[in-house]
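Chemist: One structure, pasted below without further comment.
Since every read-out is calculated from the coordinates, none of them should be taken as a lab result. Note that this is a predicted model, so its numbers are computed, not measured. Note that we place each Cβ from the backbone using ideal geometry, even for glycine, and neighbour counts take in every protein chain shown.
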Number of protein chains: 4
Amino acid sequence: MRDRLPVILVNLKLYEQSIGQKAFEIGKAAESVWKESGVLIGIAPNALDAATLAEKLEIPIFVQHVDSTPFGAFTGHISPLQLKKYGIAGSLVNHSEKRLKLSDISWINQKLVEEGLISIICASTPKETLSVALLQPTSVAIEPPELIGTGIPVSKARPETVTETLDLVRSFAPDVKVLCGAGISTGEDVEKAIELGTDGVLLASAVAKHPNPRKKLMELANGALKASDACSKR
Amino acid sequence: MRDRLPVILVNLKLYEQSIGQKAFEIGKAAESVWKESGVLIGIAPNALDAATLAEKLEIPIFVQHVDSTPFGAFTGHISPLQLKKYGIAGSLVNHSEKRLKLSDISWINQKLVEEGLISIICASTPKETLSVALLQPTSVAIEPPELIGTGIPVSKARPETVTETLDLVRSFAPDVKVLCGAGISTGEDVEKAIELGTDGVLLASAVAKHPNPRKKLMELANGALKASDACSKR
Amino acid sequence: MRDRLPVILVNLKLYEQSIGQKAFEIGKAAESVWKESGVLIGIAPNALDAATLAEKLEIPIFVQHVDSTPFGAFTGHISPLQLKKYGIAGSLVNHSEKRLKLSDISWINQKLVEEGLISIICASTPKETLSVALLQPTSVAIEPPELIGTGIPVSKARPETVTETLDLVRSFAPDVKVLCGAGISTGEDVEKAIELGTDGVLLASAVAKHPNPRKKLMELANGALKASDACSKR
Amino acid sequence: MRDRLPVILVNLKLYEQSIGQKAFEIGKAAESVWKESGVLIGIAPNALDAATLAEKLEIPIFVQHVDSTPFGAFTGHISPLQLKKYGIAGSLVNHSEKRLKLSDISWINQKLVEEGLISIICASTPKETLSVALLQPTSVAIEPPELIGTGIPVSKARPETVTETLDLVRSFAPDVKVLCGAGISTGEDVEKAIELGTDGVLLASAVAKHPNPRKKLMELANGALKASDACSKR
């Protein structure tokens, strides 16, 4: 599963424009762009859409959150242990809009990893990101919360935050992948993020609220391809 | 929608035996028993199963929980505002395994009602149940937590808890329906609950973990029918 | 204790100007104004100041919050069961800056009442306030959150919110006292609140951040006295 | 302040035997044992006792928890920024009975450190302890929750948990001190814990519920002294 960590992960959040049938359409567009460009795109839809998208699409589908609960008498919870049954690829953990207790992050991450699923733990600062990287998830995602939803890309406005995170994680937990997010909205932002050394980006509104998600996704994928070219030429 | 409040509401919780394909099978059995007996049965599956069941079945499907969030930049939340899009009938609110802040109960209930959805607010004691009944949900559900999952039915072990709740709610909020739950597992338990004056029952493991859910559901429906006979003869 | 419900309850919150020695000074001023005017003033200081103020002052001292924990192996919690030992008069419950689960409100309120302490449950809307009034606390406090800290007094800007709350609580729970809060900052605001029929007011910054708390408290007490005069003349 | 990290830190929790006047008596005993033995003992009393103990005693007094709140309009919270005003030495953070969000742990720890206070972050497993050690607190405390309150000392029942934690923290965050806790109740347990390489122990009921706290504290201090002797002879 680890090799299915997307280069571009689209969090559909709870926008009216990105739930239900529209979530499926964005997912379908992502699948098509992946097939055309070769750049793997993942989608994290609302929980009510996750099973449907995972059933109907070939790209990796993530849940936006799982609870720290095993199977049993639990009402209103989603368990990391149930995801595989639906073909769901993994979960975001500790997103800035759903912060968790450290003990829960730790438990959830362990279960996701044991299940062979992709665990992407989000954090706000280089230090916090290092903390969660030490739990050995598939990936961490650094997202300065003050940039989320601003359109000011972390990769351009705070390159030093990204590189500091990369340095720390590479030194102490070299097997853990690093995504960055917050304000990412153009192909150029993606290109910059990958050139800085990240394994990909996490973004939301730029795709989820776009009138033509396929077009936007292709732009983002092209940004990733440019960065790869640049990298391979080095 | 209000007329679609089930007489028997089955909370599938997060049992390994009642998620995914198995949730669908229990739902299918419930639909079949409803068609045969005329007793309306609702199902509250795990969030990952809710959209699928709501699409494929004619009986009312509930979510086990919704968050106090509108549409927007929210990650890992389910909104009362999105339920109708999926044909979901309503939601449990404040289940004993997912207790909420009063301010959230109040907001969620208001939104469910505004959306024309069924709001079923759970509480532990007659006094607490009265408190939430004053918020004017579709229904309240009294469930003494110490009996949940015990197989000791509230309707038999604590009839006075049920009747005290009924008296309070009928006096102060006469339009609000009253379900009871905790320990309900046989047709006789359902019969007793309805004879006490409730509008139905909330149960979980007796159906969710039963090797033959259809048989168990038919037994429960028959209990409801007996009580109705008894009531209509009065 | 019930007869010690203050007419003016000052929540000192966590302002730098109202903790430590300054909390004591505000409390001392309140005591002096009470002795001069006869209008009972209560103080709800930060937890770290509560024991000291309760020991040194004769006016009723409240904690701003208690947890739903009995005595035992609990770390970082304050129990309603420990308050009497310190001579603390009671607690605010469910303040808008510390919203609680309904099940916790219910438990805490029951324990406070059993201990003979003053339980003041806060809520945002008339409906929610009625809900908590049904739990039979000493008092409820209606505080529209959008007015808190604005200086726009609920008693003037939203008299109908106050009177609707009064009507509901008086109809369904006539023994429960009613305070109102949010934006209260002058003697006139207090006068108006009491004329509307409330038993007193809850306020914070107008006193806690005032350069001369005694002067401000005397103004507020005079507002209360004017209203009482008006009432007694009817 | 860092040099005031206690070798023995007694969490008084919320036992009826260790609040109010009794908290003061235990603190007084700890002070006396420290003066006699030279082994520094800290006390973490209930919030309502913290200011009094910090005022009256010379040993370091800790709060059991602080919230992630600055000064301002916050009700029912304790801020790391207010502690110095009371002479409080620092705070436990993320105790197993008060687990916090990672983002809150991170903020609280940063503020404590900036204030020159002692920050002791608790965690359950070596991996989680390493995670929090990376935040650079004064100290971490490893406490396997399944041993807390059992009387089965972590230092004897799980020496490998302690040494694994020590190895990880010493490798990645060598400036961070390491305490261990859970089940510590005798001088021998303390001796063993220090011999394993920890900087001290965290314990609760063995002292808090003891009929003669001074005697028990002296026994514990003697355990620490024996270990120091052993260490210095190597």
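Chemist: List the distances, in nm and shortest first, from the label point of B:T163 to the matching label points in every other copy, placing each point 7 Å from Cα along the Cα-to-Cβ direction.
Modeler: For B:T163, the other copies' label points sit at 4.2, 6.7, 7.8 nm, shortest first.
Chemist: Could you work out which residue, out of C:I152, C:I26, C:I108, moves most in a Gaussian network model of chain C, that is, has the largest mean-square fluctuation with Cα springs under 10 Å?
Modeler: Largest GNM mean-square fluctuation: C:I152.
Chemist: Quick one: Karplus J couplings for the stretch A:5-15, per residue in order, coefficients 6.51, -1.76, 1.60, θ = phi - 60°, nearest Hz, x for Gly and Pro?
Modeler: Residue by residue, the stretch A:5-15 yields 5, x, 7, 10, 10, 9, 8, 7, 6, 10, 6 Hz.
Chemist: Also, I was wondering about something else. With unit charges on the beta carbon (Lys/Arg positive, Asp/Glu negative), name the residue among B:V169, B:H77, B:A204 whose Cα is farthest towards the positive pole of the charge dipole of the stretch B:2-233.
Modeler: Result: B:H77.
Chemist: Still on this structure, I have one more. Can you tell me the FRET efficiency between B:A157 and C:K156 if r is taken as the Cβ-Cβ distance and R0 is 51 Å, rounded to the nearest 0.05?
Modeler: 0.45
Chemist: Residues with amide H under 5 Å of A:A141's amide H, sequence separation 5 or more or different chain, H placed in the peptide plane at 1.01 Å from N; which?
Modeler: Under 5 Å from the amide H of A:A141 lie the amide H atoms of A:I121, A:C122, A:A123, A:L179, each far enough along the sequence or on another chain.
Chemist: Let me know the shape class of the stretch B:165-234, please: from the alpha-carbon gyration tensor, a ≥ b ≥ c as square roots of the eigenvalues, rounded when a/c is under 1.5, otherwise prolate if a/b is greater than b/c, or oblate.
Modeler: Cα axes put the stretch B:165-234 in the oblate bin.
Chemist: Simple spin-label model, 7 Å along Cα-to-Cβ: C:S171 to C:K84 in nm?
Modeler: 3.7 nm
Chemist: Pairs of Cα atoms under 8 Å, at least six residues apart: use those to get the relative contact order of chain B, whole percent.
Modeler: Numbers: 513 pairs, mean separation 44.9, N = 234.
Here the relative contact order equals 19 percent.
Chemist: Something else now. Across peptide C:65-72, how many C-beta atoms of other chains are within 10 Å of each residue C-beta, on average?
Modeler: Details: counts 3, 1, 3, 0, 2, 2, 7, 7.
The shielding value for this peptide is 3.
Chemist: Hey, another quick one. Mind telling me which of C:P70, C:P80, C:P45 comes out most flexible in a GNM of chain C, alpha-carbon contacts under 10 Å?
Modeler: Its mean-square fluctuation being the largest, the pick is C:P70.
Chemist: Can you list, shortest first and in nm, the gaps between the label point of B:P70 and those of its counterparts in the other copies, using a point 7 Å from Cα in the C-beta direction?
Modeler: 2.8, 4.2, 4.3
Chemist: Of D:T52, D:T198, D:T165, which has the largest mean-square fluctuation in a 10 Å C-alpha GNM of chain D?
Modeler: For chain D, modelled as a Gaussian network with Cα springs under 10 Å, the answer is D:T52.
Chemist: Also, I was wondering about something else. At 7 Å along the Cα-to-beta-carbon direction for both D:E36 and C:E55, put a label point, then send me their distance in nm to one decimal.
Modeler: If labels sit at D:E36 and C:E55, their model points lie 2.5 nm apart.
Chemist: Under 5 Å between amide H atoms, partner at least 5 residues away or on a different chain: which partners does C:I118 have, H built in plane at 1.01 Å?
Modeler: When sequence neighbours closer than 5 places are left aside, the close amide H contacts are C:G90, C:S91.
Chemist: Related question: Read phi for every residue in the stretch B:55-63 and hand back ³J(HN,Hα) as whole Hz from Karplus 6.51 cos²θ - 1.76 cosθ + 1.60, θ = phi - 60°, with x for Gly and Pro.
Modeler: Each residue's phi maps through the Karplus curve to give 6, 8, 10, 8, 6, x, 10, 10, 8 Hz.
Chemist: For the stretch C:1-73, which chymotrypsin sites (Phe, Trp or Tyr not before Pro) are both in a DSSP coil and crowded by at most 15 other Cβ atoms within 10 Å?
Modeler: Values: sites: C:Y15, C:F24, C:W34, C:F62, C:F71; in loops: C:Y15, C:F71.
Those satisfying the criteria are C:F71.
Chemist: List the residue from chain D whose beta-carbon is nearest to the axis that rotates chain D onto chain C, together with that distance in whole Å.
Modeler: Spelled out, residue of D and its Cβ distance from the axis onto C: D:A47, 2.
Chemist: Taking the Cα-to-Cβ direction at B:E114 and at B:Q21 and moving 7 Å from each Cα, how far apart do the two end points lie in nm?
Modeler: Label-label distance for B:E114 and B:Q21, simple model: 4.2 nm.
Chemist: When each copy gets a label point 7 Å from Cα toward the beta-carbon at C:E146, what are the spacings between them in nm, shortest first?
Modeler: Result for C:E146, in nm, nearest copy first: 3.0, 4.4, 5.2.
Chemist: Determine ³J(HN,Hα), in whole Hz, for all residues of the stretch B:25-32 in sequence, where each value follows from phi through the Karplus function 6.51 cos²θ - 1.76 cosθ + 1.60 and θ = phi - 60°; x replaces Gly and Pro.
Modeler: Ordered by residue, 3J(HN,Hα) equals 5, 5, x, 5, 4, 5, 4, 5 Hz.
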